[in-house]
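Read through the structure below, which is laid out as structure tokens, and then see the notes.
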Amino acid sequence: MATRQVGAAPARSRTWFAPTLRGYDRRWLGRDVLAGLSAGAVVVPQAMAYASIAELPAQVGLYTCMAPMAVYALLGGSRAMSVSTTSTIATLSATTFVSAGVAVSSDDALRALSTLTLLVGVVLVVARLLTLGSLVENINKSTLIGVQIGVGATVAVGQMPKLLGLTDDPTGTGFIRSVVAVVEALPRAHGPTVALSVASVAVLLLLRRFVPAVPGPLVVVAGGIAASAVLHLTDLGVEVIDPVPSGLPVPVLPDLSLVPAMLPGALGIAMMAFLESAAVARGIRQPSEPPIDSDRELLAAAAANLAGSLTQTLPAAGGFSQSAVNQRAGARTQVSTLVTVALAVLVALVLGPVLALMPTATLAALVVTAVVGLIDVPALRRLARISRRDFWLAVVTAAVGLTAGLLAAVVAGVAGTYFLVLRELQRVRLAPGPVVGTTISARIEGAVYTANVLAYENAVLRLADDADAADAVVLDLSRMHEATVTVLDGLADLDHELAQRGVVLLLVGLPGSAAETAARTAWFRGLVDHGRVLPTVDAAMAARTARAPRASQAGRPDQG
């Protein structure tokens, strides 16, 4: 009897719409429903807490568990990833509001949020159209670690006033000053709020450590609401969240006048949203599941954000905690996510008055326990042990985030990554080959680009100068699969320089695509006519042995 891979769709059914739902087996429904409810117990209260990071109403987080999640379920390629928002995205959103001069307490805050989420979606659409999925994923992991450390530390400090029950907010003047301000404000801490905060954090940590199957965020939220109702915590001065309106989100139109101010932040958020989503999707993928397609994930993330821009949501991205819960509970397909969406809708329609009893400190406890995990000291130690260069990139990125802001950290990290990439491209990998009489050879072991063609030219010239009485150089180009005009110009310059030294240049192993491009130049055709383009090093050596070398008469590649 033939067996079938769990969750694997037939090859003929690969399509852009609902890829994880193709070939659905009704026997999976029970596990998907259980997984969706379990993930919802984590993601709904957690998303509401993340909304507080950006000083937005709690229902914004609740709404983020609706349209974006449903759209990803219908377009995304991961079978278990849960897409709402993350602490990193929420923090970058808050930073963008500040840099754009948007007052989140104003009536226009939701229009500003709609604008930001729309911009993130548009940026991701453009990235998809340009097939930049693999390019974005080249961002160094050290950059992500550094940004996440900055996010974790910044958010944790920013939530301290809520945990301490302070009526004012001493933070917001830079990380170091915020830490000092919080320490100075400790004598003014509100006792009942501190007790509730300590209890909430303790329950979250203990459940995570000893009973990970129990949804800690749901337990803490339910406990906070129950304590607020039974003990009348508001009478003791414990602050609760603003009333949560019952019902579904009302469509909000973006404020296009904010586009110039918000575009830089949207670029950083879009990049982090895709990177986090791709990392989660790959991290939870099972061997039996189809591979994750970067361009598909770009499209799904873009559509999720475009849908969210109309429904009062934060920018959306895949979250590891709720995705891990979803997977551990046995999710087979994105039906589990649709169950989570249904749960969020039910909460919005029925539980609005109940949610209004939730203490602010409870949400702050959820945020702090989530973001502290972003300060990944073991990851830093691993970087230091393996690569000092990556370690310092992470440290610098984190330092920029804590001093100049998280958007600046993203820019610094990306710039650092591509600086390292450019430096790697410029590196010369030239391996000396066999020597027969006065003929020497060398093999280029890396790709040749505009950035390193001059360095390769100089390296070959030094090799010829260092050889005693060399009158020919055989250059193995078997790894040069693409030939640009700049590279061909560089090879022609090398030919001229060697000719002035009385040395003949022979090219071998040029792959077909590069040879086809090179053949459009008179210089390369001249080499072919004079027998100076051969298939292998051995053939070139044999040709040099059989006949006397002839001086190069080749010119420069055609300009047209």
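The table below gives the values:
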quantity: Under 12 Å from the A447 label point (7 Å along Cα→beta-carbon), backbone N, the range 117-148; calculated: 135
quantity: Two-site FRET efficiency, Q286 against F320, from Cβ-Cβ distance with R₀ of 25 Å, rounded to 0.05; calculated: 0.95
quantity: Amide H within-cut-off set for S82, under 5 Å, with H built and near neighbours excluded; calculated: G319, S323
quantity: A226 paired with L186, simple spin-label distance in nm, labels 7 Å along Cα-to-beta-carbon; calculated: 3.2
quantity: Net length gained if the chain between T403 and D493 were fully extended (0.36 nm per residue, minus Cα distance); calculated: 27.6 nm
quantity: Answer label, with volume of the Cα convex hull per residue in Å³ calculated from the coordinates and candidates (i) 154; (ii) 200; (iii) 282; calculated: (ii)
quantity: Paramagnetic reach from D108 (point 7 Å along Cα→Cβ, amide N under 20 Å) across the range 264-284; calculated: 264-266
quantity: Inter-site label distance for L129 and Y418 at 7 Å from Cα along Cβ, in nm; calculated: 1.9
quantity: In Hz, Karplus ³J(HN,Hα) per residue of the range 222-227 (6.51, -1.76, 1.60; θ = phi - 60°; x = Gly, Pro); calculated: 4, x, x, 5, 4, 4
quantity: Using alpha-carbon coordinates, inclination of helix 294-308 to the longest axis of the chain, degrees; calculated: 30
quantity: Euclidean distance of C-alpha centroids, the range 342-410 and the range 516-536, integer Å; calculated: 58
quantity: Inter-centroid distance (Cα atoms) of the range 437-477 relative to the range 195-252, Å; calculated: 69
quantity: Gyration tensor (alpha-carbon) shape descriptor, the range 90-168, a/c threshold 1.5; calculated: oblate
quantity: Acute angle (nearest 10 degrees) that the helix 360-372 long axis makes with the longest principal axis of the chain, alpha-carbon atoms; calculated: 20
quantity: Cut-off under 5 Å, modelled amide H: who pairs with V240 long-range; calculated: T360
quantity: Rounded tilt (10° steps) of 141-164 against the dominant C-alpha axis of the chain; calculated: 20
quantity: Chain lengthening between Q426 and R501 when straightened (0.36 nm per residue, less Cα-Cα); calculated: 24.4 nm
quantity: Value of [θ]222 nm, deg cm²/dmol, for the chain, DSSP H segments ≥ 4, -39500 (n - 2.57) each, nearest 500; calculated: -19000 deg cm²/dmol
quantity: Spin-label model distance (nm) - W16 vs S478, 7 Å beyond Cα toward Cβ; calculated: 4.2
quantity: The chain, dipole about Cα centre (Lys/Arg Cβ +1, Asp/Glu Cβ -1), debye to the nearest 20; calculated: 1560
quantity: Rounded, prolate or oblate (a/c below 1.5 giving rounded, otherwise prolate when a/b exceeds b/c) for the range 11-80 by Cα gyration tensor; calculated: oblate
quantity: Selection of GluC sites (Glu not before Pro), the range 391-463, meeting DSSP coil and at most 13 other Cβ within 10 Å; calculated: E445
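Read-outs: derived from the displayed coordinates by stated rules, not from any lab. Given the structure is predicted, the values throughout are model-derived calculations rather than measurements. Note that each Cβ is placed from the backbone with ideal geometry, even for glycine, and that neighbours are counted across all protein chains shown.
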